[in-house]
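Peer 1: Below is the structure I would like to discuss, written out as structure tokens.
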Amino acid sequence: LAADRFSTAGEFAKSLADPSFRYGVQGAVVEAVGGRWKTLALAATGSAFALALVAGWALTRQGETAVVSRYAVGLPDGHDPAAIFGSNVAISPDGSQMVYAGPAADGKGPSQLWLRRRDQLGPTAVPGTLDGISPAFSPDGQSLAFVTQNPAYVKVVSLGGAPPITVTDVDVGGGAVAWSPDGNLYYDGNQGVHRVAATGGESTVFVPVDTAKQEIGQAWEDALPNGKGIIFTVGHAPATDLSKYDIVAADTKTGEKTTLVRGVFGRYAASGDLVYVTADGTLLAAPFDQDALKLTGPPVALTQGVAIATFGAASLSVADDGTL
């Protein structure tokens with residue numbers, strides 16, 4: 001507006017040279033909040049699904065100071081990702097967008113994916129994702145991989161508006177799908193963790209279920225950003241005893257797997273931590289070497305009360321900027 005403009009070029013130049021300059025009350029508020037925005041992390045807690053911003057949760061090592069800030073962000077009535085089977089929250093790599101599974105926009109299906117941008121007040125339905133669950137962002141944040149339940153497919157859809165493509169229908173279990181920088185999608189089925197190119201093609205068993213070790217299934221895959229491995233959950237009999245579940249890492253070249261820790265759900269954080277949930281709903285972070293595929297230090301508890309569903313499902317996602 002004309003009333004908001006500097007009256008002379010000299011006034012404008014003076015403001016540029018003055019680090020303490022604030023233009024009105026709004027300018028002061030933007031500085032106070034915006035200056036911290038890039039360090040904030042987004043956390044989901046509770047069965048009623050709320051979001052909270054958490055800054056610096058990983059800064060707990062010696063010589064560093066943890067800074068935490070939380071606030072709730074409500075979703076529309078009836079939008080509860082925890083009420084739908086799957087791992088139903090995904091954060092874009094840059095932390096600017098969240099996708100979650102909610103009700104079908106037209107009421108004609110059990111679920112649909114919804115996109116919530118951090119600079120918007122409400123979500124929008126993602127076209128072509130009817131019956132979709134367990135979304136995962138592509139490494140560039142421009143597309144989504146997801147699973148449909150009936151029929152069971154792995155699909156990919158561009159957030160630019162192009163129609164979705166069916167990547168595979170081979171032994172799709174519905175637990176989750178992970179999009180690796182190596183160009184492959186990793187998803188779970190009855191036979192184990194499968195691998196298929198994100199553009200489509202032959203699906204192969206990447207890590208088979210080891211029945212000799214009483215494994216009953218594998219799920220909740222997450223791809224490491226270096227492309228060298230994936231993280232997933234291995235369930236052991238009996239299925240109802242979540243305390244016997246493990247977080248496992250597997251080498252994408254050899255398929256060799258390494259058991260990391262007891263837990264039901266894990267995600268890698270760019271801070272160099274494995275963030276995982278235990279059977280009692282505790283959220284922990286432990287230093288993790290993604291090149292060596294091993295933990296390098298003891299865990300630190302972040303919070304409690306994380307909702308856990310069937311087969312250890314949790315609606316948890318971590319972005320490259322620390323958004324949780």
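The values are calculated or read from the model by the stated rules, or taken from the named source; none is laboratory data. Quantities reported herein were computed from a predicted structural model and do not represent experimental measurements. Here the Cβ positions follow ideal geometry from the backbone for every residue, glycine too, while neighbour counts run over all protein chains shown. Quick note on the areas: whole protein, heavy atoms, side chains included, nothing else; ligands and nucleic acids left out. Shrake-Rupley method; radii C 1.70, N 1.55, O 1.52, S 1.80 Å.
Peer 1: Using modelled backbone amide H atoms (1.01 Å from N, in-plane), which distant-in-sequence or interchain residues come within less than 5 Å of Val167's amide H?
Peer 2: Residues meeting the criterion, in which the H sits 1.01 Å from N, are Val154, Lys155, Val156.
Peer 1: Solvent-accessible area per residue for segment 98-222 at a 1.4 Å probe radius, Å²?
Peer 2: About 42 Å² of surface per residue is accessible.
Peer 1: If R₀ is 56 angstrom, what is the calculated FRET efficiency for the pair Lys14 and Val205, using the beta carbon separation as r and rounding to 0.05?
Peer 2: Once rounded, the FRET efficiency stands at 0.25.
Peer 1: 5 Å is the cut-off here: which amide hydrogens, built 1.01 Å from N in the peptide plane, fall below it relative to Val209, excluding neighbours closer than 5 in sequence?
Peer 2: When sequence neighbours closer than 5 places are left aside, the close amide H contacts are Gly192, Val193.
Peer 1: With a 1.4 Å probe and all protein chains left in place, how much of the accessible area of segment 114-189 comes from carbon and sulfur atoms, in whole percent?
Peer 2: 51
Peer 1: Would you please give the residues with an amide H less than 5 Å from that of Thr303, counting only those at least 5 places away or on a separate chain, with H modeled from the backbone geometry?
Peer 2: Those qualifying (amide H under 5 Å, at least 5 residues apart or on another chain) are Leu283.
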